[in-house]
1. Considering only DSSP beta bridges with both partners in the stretch 2-76, what is the antiparallel share in %, to the nearest 5?
2. Tell me, what is the FRET efficiency for residue 73 and residue 15 to the nearest 0.05, using R0 = 25 angstrom and their Cβ-Cβ distance as r?
3. Quick check on the chain: take the gyration tensor over C-alpha atoms, sort the square-rooted eigenvalues as a ≥ b ≥ c, and tell me if it's rounded (a/c under 1.5), prolate or oblate.
4. Helix 51-60 against the longest principal axis of the chain: what's the angle in degrees, Cα atoms only, rounded to the nearest 10?
5. Would you calculate a helix-derived [θ] at 222 nm for the chain, using -39,500 (n - 2.57) for each DSSP H run of n ≥ 4 and dividing by the full residue count, to the nearest 500?
6. R0 = 30 Å: FRET efficiency of residue 60 with residue 2, Cβ-based, nearest 0.05?
């Protein structure tokens, strides 16, 4: 399955405020098939980052989650 857009990403994650370091694989383990997510960042909901990525993004742009300047691609086998 391929999910795109911010709203579908939020639906996939129940539009909850997860810890960004939490695993996308663990959250979506209910899903019956592999999935890919393509998204422009327009809301606070995000998971699957590592600590270095999160620290770098926070230092570079405090509004990186909501300003639409960044995107994310994630794959869950």
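The numbers here are math on the coordinates, done by the rules we state, and not lab data. This is a predicted model, so every value here is computed, not measured. FYI the Cβ positions are ideal-geometry reconstructions off the backbone, even for glycines, and counts take in every protein chain you see.
1. The antiparallel proportion sits near 65 percent.
2. Efficiency computed from Cβ-Cβ geometry: 0.80.
3. Prolate shape, in that a/c is at least 1.5 and a/b is the bigger ratio.
4. The answer is roughly 40 degrees.
5. Helix-only estimate at 222 nm: -7000 deg cm²/dmol.
6. 0.60
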